[in-house]
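The values are calculated or read from the model by the stated rules, or taken from the named source; none is laboratory data. These numbers were taken from a predicted model, which means no experiment stands behind them. Note: ideal-geometry Cβ built from the backbone for every residue, glycine included; neighbour counts use all protein chains shown.
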Amino acid sequence: MRLLLLNPNTTPAITAQVAASARACALPGTEIVEATGEFGAAVIGTRTENAIAAHAALQAALTQPQPYDALVLAVSLDTALDALREALDVPVVGLTEAALITATLVSRRAALLTLGPRMVPMYAELIAHHGFSSRVPVVEALTLTPQDFLSRPLDAREALREHCERLAHHGAEAIVLAGAVFAGHAAPVQSTVLVPLIDGATAAVALAEMLVRLRLPKAQLGSLAAARNRASTALAPALEAWLKR
């Protein structure tokens, strides 16, 4: 099967990091194809940047030169997830939704860890949107930035380890690592943390492979059914064509 791993921010290094984690857990025969957003923020860290990235994600998904069996949305805010599910005929899996689902399968009370205090309310809202607030009631943030994980990964990993150990000792039975730059860091930290650490990239790839194998049809009714005959102005040709189909 062929999975499109789409990162709608504009930092190829983050795309490559998530793709490496995805390939490490993919089944034999699964091909991971990478795509990075062509416009927008280098790293999504605000609501405005997230809105811009949603446009970039839709445009990138609809302009891929080759077909794919499922899309893994390689951004931890699950940017444009519902819109992509409406737009595409293949399964779409978001990193954080996949990690939350996985956490609820191995715990009764999980926590989510992200980067920067500004992101805490955004992830709390995302957890609520996905329907997991009662099972994932704790959202905390490291004071590090995504750039810290890219430029000094060993120091950042040690800070991650310390915070995860603290969350575990305060009642978290599993910990969701919500940040694309966390990809690949869960396994090295897991050895000293006494509860499961959930890497969104690996969870999303596993769920995407499962959905491809199930061959479920796309819903023809409801809020995720494809739109038809919608008028638009000054959109990229692929977006305009999709709205008009």
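Couple of notes before you dig in:
- Some residue of the range 123-146 being farther than 26 Å from Thr104 by Cβ and of a type in the set (A, V, I, L, M, F, W, C): yes
Yes/no per residue for (1) part of a strand (DSSP E or B); (2) outside the structural domain of Leu150 (by TED's automatic domain parsing); (3) buried (at least 19 other Cβ atoms within 10 Å of the Cβ):
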site	(1), (2), (3)
Ala168	no, no, yes
Glu173	no, no, no
Val181	no, no, yes
Gly184	no, no, yes
Thr192	no, no, no
Val195	no, no, yes
Leu207	no, yes, yes
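- Residues in the range 44-60 that are polar (S, T, N, Q) and assigned to a helix (DSSP H, G or I) were compared, and the one that is nearest to the chain's Cα centre (by Cα) is Asn50.
- Candidate set: the range 80-128, residues that are touching a residue at least 60 places away in the same chain (Cβ under 8 Å) and assigned to a strand (DSSP E or B); chosen: the one surrounded by the most Cβ atoms within 10 Å (Cβ to Cβ): Leu112
- One residue from Ala156, Ala238, Ala206 being at negative phi and touching a His at 6+ places or on another chain (Cβ under 9 Å): Ala156
- Among residues of the range 213-227, those that are of a type in the set (S, T, N, Q) and out of contact with any helix residue (DSSP H, G or I) (no Cβ under 9 Å at 6 or more places or on another chain), counted: 1
- Considering the conditions (1) among the aliphatic types (A, V, I, L, M); (2) modelled with pLDDT under 95; (3) in contact with a strand residue (DSSP E or B) (Cβ under 8 Å, 6 or more places away or on another chain), Ala42 is excluded by exactly one of them, (3).
- Near pairs, Cβ below 9 angstrom, 6+ apart or cross-chain, from the range 49-67 (assigned by TED's automatic domain parsing to the domain that holds Ala227) to any residue that is of a type in the set (Phe, Trp, Tyr) and in a helix (DSSP H, G or I): Leu58/Trp242; Leu62/Trp242
- Scanning the range 85-105 for residues that are touching a strand residue (DSSP E or B) at 6+ places or on another chain (Cβ under 8 Å) and either more than 25 Å from Leu62 (Cα to Cα) or not charged (D, E, K, R) (or both) yields a count of 12.
- Residues that are surrounded by fewer than 24 Cβ atoms within 10 Å (Cβ to Cβ), more than 15 Å from Ala19 (Cβ to Cβ) and of a type in the set (Val, Ile, Thr), drawn from the range 32-79: Val43, Thr46, Thr48, Ile52, Thr63
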